[in-house]
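Data block below; observations after.
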Amino acid sequence: MAIKTQMQASLKVSPYILPVNVLLQLIHLLKKSIFSRKFYQEINDKVLAKSSTVDQNLYFLCYFSLLVSSVLNNRYNILDFLRKQQWRMLQLVKSGANGVGLDTSSAKLLNQPQPQPTPASERKESKLAFHLKKINSYLADVRIFNRLTDTIKYMPWLIDEFHGWRSAQTAGGPPKLDRFVNFVQALNCVVLEAFENIGWLTDHDWIGTGDNAYWCIETYIWCCYVWGAYLVIEIVEILRRTPVSKWGDKSWQINLFKNVIQLPLVLHWSLRNGCLTPFWVGVCGCGASWWNFRDMWRSIDLS
């Protein structure tokens with residue numbers, strides 16, 4: 001009996017049981033992922049095969065890298081803010097307790113002095129933040145380059161919507177107002193991409209205008225104006241075309257949110273000096289791109 005108890009105790013404290021389980025799970029995961037041909041084929045078919053899915057992937061990664069970079073660059077301010085809020089909370093507890101029923105350790109905690117900001121001499125720049133900011137800048141450039149041919153891709157859609165708008169009303173078909181809005185949105189996309197392409201081409205001196213810096217900024221600003229018009233119309237149509245009884249649907253709410261959260265980005269990029277800090281640009285960009293990024297990678301079949 002004593003031997004059995006000793007063996008059970010040794011099994012409970014053995015340091016090898018958990019690592020073995022973890023190792024087996026890791027091997028199983030690797031066999032279904034990086035050691036599996038199907039894994040790479042799934043990524044090729046669902047992520048890399050189309051420019052739209054590549055952009056969908058880079059959209060989130062671009063803004064997420066900017067968000068993390070901003071957090072790292074402001075980590076001292078964030079920590080100072082959190083310490084100050086903790087101190088204020090302790091003062092509220094102290095004023096409510098009035099020193100009644102507090103032991104020595106609790107009283108010492110409540111009586112600690114107000115925290116001071118981290119001295120400038122102790123603040124160190126984050127190398128990771130620097131590299132993430134570079135990644136953000138590069139991915140933003142790649143995304144626009146990747147969309148250089150999107151104007152051509154949108155033209156069949158625009159032509160179809162134009163003919164649909166001009167054609168006679170059919171039984172059971174969408175009303176003419178809806179068809180007109182669809183045409184306007186297709187036209188917005190074509191014009192938006194044209195402005196964005198010209199802005200990128202002048203920014204990289206692929207074409208000469210006499211003052212590329214000026215025309216680059218102007219075309220990017222007008223691109224944002226068209227983008228803003230597209231988003232406003234899209235939001236109005238999401239609200240108009242959906243019965244109020246279905247506004248509680250989660251997918252509808254996510255779709256509305258993804259469009260609304262891009263409005264601050266439109267305002268920021270349409271102003272010459274911007275209006276958002278890199279942190280809020282990252283938050284809005286991640287909020288707009290997260291669900292599409294998540295759903296795309298969820299679709300990867302590892303079975």
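The values are calculated or read from the model by the stated rules, or taken from the named source; none is laboratory data. Bear in mind that the values here come from a model prediction, so they are computed numbers and not experimental data. With ideal geometry, Cβ positions are generated from the backbone for all residues, glycine too; neighbour counts draw on all protein chains shown. Calculation scope for accessible area: heavy atoms of the full protein, side chains included, ligands and nucleic acids excluded. Shrake-Rupley method; radii C 1.70, N 1.55, O 1.52, S 1.80 Å.
Residues of the stretch 200-217 that are open to solvent by 50 Å² or more (accessible area, probe 1.4 Å) and either of a type outside the set (Gly, Ala, Ser) or not in a helix (DSSP H, G or I) (or both): Asp203, His204, Asp205, Trp206, Ile207, Gly208, Thr209, Gly210, Asp211, Tyr214, Trp215, Ile217. Among the residues of the stretch 255-303, those that are polar (S, T, N, Q) and closer than 24 Å to Arg241 by Cα comprise Asn255, Asn259, Gln262, Ser289, Asn292. Taking first residues from the stretch 223-243 that are more than 16 Å from Phe257 (Cα to Cα) and partners that are open to solvent by 50 Å² or more (accessible area, probe 1.4 Å) and among the aromatic types (Phe, Trp, Tyr), the Cβ contacts under 7 Å between residues at least 6 apart in sequence or on separate chains come to Cys223/Phe195; Cys224/Trp269; Val226/Phe195. If the condition is being open to solvent by 40 Å² or more (accessible area, probe 1.4 Å) and in contact (Cβ under 8 Å) with a residue 60 or more places away in the chain, then the stretch 141-152 contributes Val142, Asn146, Thr149.
So, in the stretch 118-132, how many residues would count as being in a loop (DSSP other than H, G, I, E, B) and either closer than 12 Å to Arg75 by Cα or among the polar types (S, T, N, Q) (or both)? Show your work before the answer.
Going through the stretch 118-132, the residues in a loop (DSSP other than H, G, I, E, B) turn out to be 118-119, 123-126.
Then keep just the ones that are either closer than 12 Å to Arg75 by Cα or among the polar types (S, T, N, Q) (or both); that gives 118, 123-126.
Residues that pass the stated criteria total 5.
Assuming Gly172 fulfils every condition listed in (1) at pLDDT 95 or above; (2) of a type in the set (Gly, Ala, Ser); (3) in a loop (DSSP other than H, G, I, E, B) apart from one, which condition is it? Just one mismatch for Gly172, condition (1). Within the stretch 158-199, the residues that satisfy the criterion of being surrounded by 14 or more Cβ atoms within 10 Å (Cβ to Cβ) and among the polar types (S, T, N, Q) are Asn182, Gln185, Asn188, Asn197.
Once the stretch 33-60 is narrowed to residues that are free of Cβ contacts under 8 Å to residues at least 40 places away in the same chain, under 20 Å from Arg143 (Cβ atoms) and part of a helix (DSSP H, G or I), the residue that is most open to solvent (accessible area, probe 1.4 Å) is Leu48.
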